[in-house]
1. Which three semi-axes in whole Å describe the equivalent ellipsoid of the chain, each the square root of 5 times a Cα gyration tensor eigenvalue, listed largest first?
2. Considering only Val126, Leu110, Leu15, whose Cα is most displaced toward the positive end of the charge dipole of the chain, charges sitting on Cβ of Lys, Arg (+1) and Asp, Glu (-1)?
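Bear in mind these aren't lab numbers, they're just calculated from the coordinates by the rules spelled out. On a predicted model such as this, the values are computed, not experimentally measured, just so you know. Because the Cβ atoms are built from the backbone with ideal geometry, glycine has one as well, and the counts that use them run over all protein chains shown.
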Amino acid sequence: MSSARPRALALGALLVTLAATAACDDEKNVQLLEAKRSEILDRTTPKQEFWDEVGRKGDALKKTRSVAEDLASLSAKSAQARASRDAQRKQLEDARTTNARTSDVLAGQLAQLEKAEGEVAQNEAVLAGFGERQRSSGAP
């Protein structure tokens, strides 16, 4: 980028020198100045080539920024998705814990129900036996 300014200054100085030597017909000076001009042109980048390179670099920088913005956006979305996933896993684990406790309570309740049904059946059998004895003894 900085080679354009020295080039312009060098060419300007060369033009001033050429204008000064144009008044005289010294062919040797003209050849020296043309050699110097050639040397300067060989060492510097032409203006259009310089601006083309600036344009390419600008385009590359825009693309890099765009990719960086996309990456930042995707990273944020990914972080949100991970946080949501972690919350869902926690809820699932809580539900499984609750289900396990409920299953234990249900098993206990079913065992008590079965025991109570056994006691009811046993009591009904005893009552039926009493009823049979009362009928057989003829009690009113």
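1. 114, 8, 7
2. Looking along the dipole axis, the top candidate is Leu15.
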